[in-house]
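For reference, the structure is listed below as structure tokens.
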């Protein structure tokens with residue numbers, strides 16, 4: 001049964017290798033290379049969430065290893081994705097790309 005009190009956040013939302021049409025939900029300047037489920041889970045904890053992680057394939061990309069976290073709803077999902085992207089970048093130790101270059 002679907003839990004409407006939680007957001008589903010797919011790894012694909014943050015993958016710099018994917019285009020928006022392929023599932024990336026953050027800007028390329030906020031995306032990271034090859035995010036892992038463990039890193040996404042760690043990023044969620046850094047911003048005060050209690051994630052439940054699930055390793056699986058995305059319904060649209062069954063050949064690609066993926067997964068998602070389920071987190072308590074707070075605010076708008078788009079804002080939460082931006083916060084997670086910033087934290088995920090820190091977890092991965094990646095430098096932000098600047099769109100002005």
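Observations, loosely collected:
- Test: residue 25 is crowded, with 19+ Cβ neighbours inside 10 Å, over 16 Å from residue 92 (Cβ atoms) and either under 11 Å from the mean Cα position of the chain (by Cα) or touching a residue at least 24 places away in the same chain (Cβ under 8 Å) (or both): yes
- Considering the conditions (1) in contact with a strand residue (DSSP E or B) (Cβ under 7 Å, 6 or more places away or on another chain); (2) in a helix (DSSP H, G or I); (3) surrounded by fewer than 20 Cβ atoms within 10 Å (Cβ to Cβ), residue 84 is excluded by exactly one of them, (3).
- Count of the stretch 1-22 residues which are more than 13 Å from the chain's Cα centre (by Cα) and surrounded by 14 or more Cβ atoms within 10 Å (Cβ to Cβ): 1
- Of the residues examined, residue 57 is one that is over 18 Å from residue 74 (Cα atoms), surrounded by 12 or more Cβ atoms within 10 Å (Cβ to Cβ) and in contact with a strand residue (DSSP E or B) (Cβ under 6 Å, 6 or more places away or on another chain).
- Strands (runs of 3 or more DSSP E) fully within the stretch 1-72 that include at least 3 residues being in contact with a helix residue (DSSP H, G or I) (Cβ under 8 Å, 6 or more places away or on another chain): 52-58, 61-72.
- Residue check for residue 44: under 18 Å from residue 79 (Cβ atoms) and in contact with a strand residue (DSSP E or B) (Cβ under 7 Å, 6 or more places away or on another chain): yes
Bear in mind that the values in this text are calculations on the coordinates, not laboratory data. Nothing here was measured: the structure is a model prediction, and the numbers come from that model. In this analysis, Cβ positions are derived from the backbone assuming ideal geometry, glycine residues included, and neighbour counts consider all displayed protein chains.
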